[in-house]
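Working notes, structure below.
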Amino acid sequence: MKENLRTLLGAGWLGWQMEANWTDPFLFMIYSVAKPVSAALILVFMYIVILGGVATESTAFAYIFLGNAFFIYVGQVLFGVTWVIHEDREHFQTLKLIYISPISFYYYIIGRAGSKILIATVAVVVTLLFGIFILGIPVDAFTMDWALLVLCLTVGMACLVSIGIALAGITFMTAKHSGGINEGIAGLFYVFCGVVFPITQLPAWGQSLGYAIPVTYWLEAMRKALLPAQQLEGTGLHGIENFWLVALLAVSALFFYFLSILIFRLGDYLARRAGKIDMTTAY
Amino acid sequence: MKEYLLLNLRALKGRAYPRVVGGTRELSWIFFDTILPLLTVAAYVFVYQYLGSLAQGPQKEYIGQFVGYVILGGAMTAYWMNVLWSMAAQFYWEKEIGNLQLYMIAPMSRMAVLGGMAVGGMFYTTVRAVSTIVIGVLIFGVTFSLGPPIYLILVFLLTLIALYGMGMLFASLYMLYGREAWHTSSLLTEPIYLVSGFYFPVKYMGAIVAVSASIIPITLGLDALRQLMFTETAGIHGFLPVEVELVALAVLSVLFLFLARHSLRFMENLGRKTGRLTMRWQ
């Protein structure tokens, strides 16, 4: 246990250095914030172009903005976790060295994911502050549901990291396509999980798909935590109570945790057998 | 002179070849390159349709056009991504895998290599962009009202020349980068999508931002293409007259190619002096 904790911390520190030490902290902060705020502003301008301002139908605006803000975690964690395999194997060519060191590779990946979560958290917080103070989203620290926020954030992160590790297991076997797989999954989530529009806008089969993905419930729970008194109707999830949202999230997190171990170990075994652990495909 | 010209043409063809052939060699990439932009496009289409259901004003009747704008913008992201990752960052990749030094000792001009990358990239990306437009139009039922075809062709070609000229300029600037190359390209995605109006008409960013963003050729190119493909709303959503945008694109094309040539020479010399042309894993 102590060894695994040390691996977690060491990998987290390594990930942070790799992400951040290519420039000075100020430039890194701008870099970390410019992308998510720009992505949010694209939606803001789309909203303004059609509805004339963010004050019009403000509940709908808050729904879109908050969904987009928390989706930063999905993109960062899914892409980040799987990219570790590709980056270590092909770019820095250190994967084989980490393999032969006396640590758990599974915990190493989780540690690397930790640095991604940290960076994503900064981006999410800045985006939320921008939404609250500049765009007037009525999030109030005294009325928001802190318990639901902390609980769902924790369970949601566990679920996202588990999905990321499952994808990392697949990445063991793939060449350059891994980026495409990650982006594809994140893209599917963006369309089908009610991130920037209610899933009731989707055709029936799309809605069914959305209901099967835990990210849908996670985003709804996060919105409910931040704005408990201002919920958009007609989202397809409006009537679900907080308890069931958390329960659904917890069950899916547990499911993806076991699935991630299974896929990761299978990918690891097959990659070793096929001699792909130190594969380079001319990234 | 003739021999040198032929040598460079051969180099250009040789560098373009793997991009043209490689584009069809790995079929799964065609799937990812076509479908991935479509997912974002689909999300934004649903956003517009949702906002259209809430709207009361005149914009409500233009939702169909906005859907078309998004599909066109989504297809153009393929070119911007290609310029960032396969032009600007290419010399960084080449340095990392050890090809850059081979380019340096070969007898052709480095501009021929960049030209080959651009020509190959244009072909590779056009296949994907057209696929995105066709699939998007079929799924979301967009109808076009086209303007003069000669203008369409001219705008498209000048946009690509200016854009890839900018890519060649970036490639020389990126040549000495380490990990910054990766992060810089990553940084130039969403902020550029925003200021260049990839998913909404750039006019709505305001005149100052729109004029400033016009240094990126895709801003004016996309605005002109939208005006020429959706003539009914050109007067409402267009930023500048198409003729003005055509002239600006022609100026940008010449400017970027000129700057790329000089920048390449300067950065190469700088790299030789500081010994950074072969430095890996920075």
* Asked: If we scan region B:122-134, do we find a residue that is basic (Lys, Arg), surrounded by fewer than 18 Cβ atoms within 10 Å (Cβ to Cβ), within 14 Å of chain A (Cβ to nearest Cβ) and over 16 Å from B:Glu245 (Cα atoms)?
  -> no
* Residue list for region A:76-112, filter: within 22 Å of A:Ile163 (Cα to Cα), at pLDDT 85 or above and among the small types (Gly, Ala, Ser) -> A:Ser104, A:Gly111
* Among the candidates B:Tyr44, B:Tyr69, residue that is closer than 30 Å to A:Phe61 by Cα and in contact with a His (Cβ under 9 Å, 6 or more places away or on another chain) -> B:Tyr69
* Qualifying residue in region A:128-145 (condition: surrounded by fewer than 17 Cβ atoms within 10 Å (Cβ to Cβ) and either within 14 Å of chain B (Cβ to nearest Cβ) or farther than 16 Å from A:Leu227 by Cα (or both)) -> yes
* Selected residue (only one of B:Val83, B:Val119 is crowded, with 24+ Cβ neighbours inside 10 Å and either away from chain A (no Cβ under 12 Å) or in contact with a Pro (Cβ under 7 Å, 6 or more places away or on another chain) (or both)) -> B:Val83
* Structure fact -> Only unsatisfied item for A:Thr7, checking (1) within 14 Å of another protein chain (Cβ to nearest Cβ); (2) part of a helix (DSSP H, G or I); (3) in contact (Cβ under 8 Å) with a residue 40 or more places away in the chain, is (1)
* To do: Please name all residue pairs, on different chains or six or more residues apart, with Cβ atoms under 6 Å, provided the first residue is in region A:66-80 and is of a type in the set (Gly, Ala, Ser) and the second residue is modelled with pLDDT under 90 and part of a helix (DSSP H, G or I).
  => A:Gly75/A:Ala186; A:Gly80/A:Lys116
* Enumeration of residues in region A:53-96 that are in a helix (DSSP H, G or I), under 25 Å from B:Gly57 (Cα atoms), among the hydrophobic types (A, V, I, L, M, F, W, C) and more than 18 Å from the chain's Cα centre (by Cα) -> A:Ala60, A:Phe61, A:Ala62
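Quick one: in region A:204-218, of everything that is more than 12 Å from A:Cys159 (Cβ to Cβ) and among the hydrophobic types (A, V, I, L, M, F, W, C), which residue is modelled with the lowest pLDDT? Quick ask: steps written out before the conclusion?
The initial filter retains those residues of region A:204-218 that are more than 12 Å from A:Cys159 (Cβ to Cβ), namely A:204-212.
Still in the list and also among the hydrophobic types (A, V, I, L, M, F, W, C): A:204-205, A:209, A:212.
On the way: A:Ala204: 93, A:Trp205: 94, A:Leu209: 93, A:Ala212: 89.
The selected residue is A:Ala212.
Inside region B:194-215, can you point out the residues that are within 14 Å of another protein chain (Cβ to nearest Cβ) and not small (Gly, Ala, Ser)? So that I can check it myself, show each step before the final result.
As a first pass, look at region B:194-215 and keep what is within 14 Å of another protein chain (Cβ to nearest Cβ): B:194-206, B:209-210, B:213.
B:Leu194, B:Val195, B:Phe198, B:Tyr199, B:Phe200, B:Pro201, B:Val202, B:Lys203, B:Tyr204, B:Met205, B:Val209, listed by residue number.
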* Structure fact -> If we take region B:208-282, then helices (runs of 4 or more DSSP H) inside it with 2 or more residues that are at pLDDT below 85 and either in contact with a Phe, Trp or Tyr (Cβ under 8 Å, 6 or more places away or on another chain) or surrounded by 13 or more Cβ atoms within 10 Å (Cβ to Cβ) (or both) are B:242-274
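The values are calculated or read from the model by the stated rules, or taken from the named source; none is laboratory data. Treat the numbers as computed from the prediction; the structure is a model and nothing was measured. Neighbour counts are summed over all protein chains in view; Cβ atoms, including those assigned to glycine, are modelled from backbone coordinates with ideal geometry.
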